[in-house]
Structures are given as structure tokens and as C-alpha cells.
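No value in this document is a laboratory result; all are computed from the given coordinates. Since this is a predicted model, take the numbers as computed values, not measurements. Quick reminder, even Gly has a Cβ in these numbers, built from the backbone with ideal geometry, and neighbours come from all protein chains shown.
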Amino acid sequence: MVETKHPKMGSMFGGQASGGLFDIPLAQPGEAEDADIVVMGAPSATPYESVGAYCADAPDAIRSAFGWPGVLNHHDFDLGGKVFADGTKAVDWGNLDYSDKDYAFNRNTILRSVKTVLDQGAVPIVMGGDDSIPIPVFQAFEAHGPLTIVQLDAHIDWRDEVSGERLGLSSNMRRASEMAWVDGIIQLGARGLGSARPQDFRDATEWGVQFFPMQDIVNMDFGKVIEAVPADRNVFVTLDIDAMDPAIVPSVIGPAPGGSITGRW
């Protein structure tokens, strides 16, 4: 049998991608160079021992999907124009160093890197990796609050600990709620069964989380979600890809059928 190899979309138009997300220039970590946006890959933070750093390759996979040569000069019909406004300067730091065993090293590396970006007045875009990565990212915002977190996720991530680990992927929203500079959490897309227990949901509700479960999103005007986001706060958006239906993204570790808000934005 003859194997047919199809060219990637970018190569069909000629040219060589620079290697950064959306084909933005690569730069050494710490070199913001007056950038407005700094992208970085965080392969791992605090993986559960039972699964390890199972998605450490994710940042490179994301880049490969959006690395066409010159793509930022193309017209995006979803946005009604270019991806970045004219004059926006963005760089990609590549992937941060990480360890398969020293999880404190991973968290400190992420925290310091994001803090550097924020202190230079730029916007960080952090690509994981599993959902333990947002915890040190949230911590980096200590001097940049008050902060409202908008989470898109099939699961609410309010476990206090899993097998003794309090900084894993099921606990990021509970850890965020304990940070004094986080004064609002809006969680979108919860559905089906996850690791949360009824008490976790009660704790989240008592803290003041605004929940928009997937059933509500499908049946209502998405404008209500937008109205819930305060205009006078720094807003941090965190996306777990399992917010999408596994029919669209089948490789997530915790598939939860019945979702996909891709058509609701």
C-alpha cells in the first residue's frame, strides 16, 4: 500500500514558520523587549503520581496547529479582522524548563516567569500541560489584583486534596479561592461527573462562585455570562480543553459528554 502524505496547511502557502504560537517571533525567557503579549509553554507543574506528566508535549502540539508563516497578517472571519490589533508586539518564550520529579521547581519556574511578564506590563499566555499549572500562575498575580478568574472547564476543580496532593489538577479553583487577591470566580461549562463531591460544590457556592453549567449556557443568551464579568477588574481566563465535547477533542484525560460551547461565543 502506498502511503499518501498530505502537506501541512502552512507549507501549502510557502515559507517557513518562525516556531512561535501564531508564528510570532521566538525569544529567550525573560526577554520581553517591550512586548505587549508573552507566550510561554509550561509542560508540567504538579502532576499526580498516578498519571505523571502525561501532557508535557501539549505546548508544542498547540504551536504546530497555529504556526503558519505570516498567519497574523491574514483575515480571521471569526474575529472580523486580524488576530492581533495593528501595533501589537508579541513574543514566544518557548517552553519553560520542567522536572519529572521536582514539582516545586516547576511551580517556582512558572511563578517567576509569569511574574516577570506582569511586572513588565505585558499579558502572559501560558500553554499547558495539565490543570495544575494555573495554580502558580494565579500566585504570580499577587501584586496585580484584585483578580477575577473565568474558568472554562467540564469540572469545577474544588477538591482540597487528591491522594494527599493539594496542588494537583483537581484543586486549582479551591487554591485560587484561598488567595486574597482573587475576589471573583466565574466557572463555565460544568457537566456530568467529575472528581468533585457535593461538599466541594457547596464550598464553592458559599465562597461566591458564579456557576454557569453547560446546560444553562446552551439554553440561555451567552450575554449573561459576559455581564457577569466585572469591567473594573483584571480578568484571568483559564481553559481546560475538556470544556469542549470529546467528540471534538477526544484525547482529554477526563471526557465529559454533552458539552461544546464553541458555537456560543
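Values for this structure:
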item: Burial ordering of 144, 75, 155, fewest other beta-carbon atoms within 10 Å first; result: 75, 144, 155
item: Isotropic mean projected area of the C-alpha convex hull, the stretch 8-140 (nm²); result: 8.7 nm²
item: Neighbourhood net charge (12 Å Cβ-Cβ; Lys/Arg +1, Asp/Glu -1) for residue 22; result: -1
item: Rg over Rh [alpha-carbon atoms, Kirkwood Rh] for the chain; result: 0.96
item: Difference of contour (0.36 nm per residue) and Cα-Cα distance, residue 72 to residue 202; result: 42.4 nm
item: Share antiparallel - DSSP beta bridges, the chain, percent rounded to 5; result: 5 percent
item: Burial ordering of 249, 117, fewest other beta-carbon atoms within 10 Å first; result: 249, 117
item: Mean separation of Cα contacts under 8 Å (6+ apart) over length of the chain, as relative contact order %; result: 18 percent
item: Residue order, fewest to most beta carbons within 10 Å, for 40, 244, 173; result: 244, 40, 173
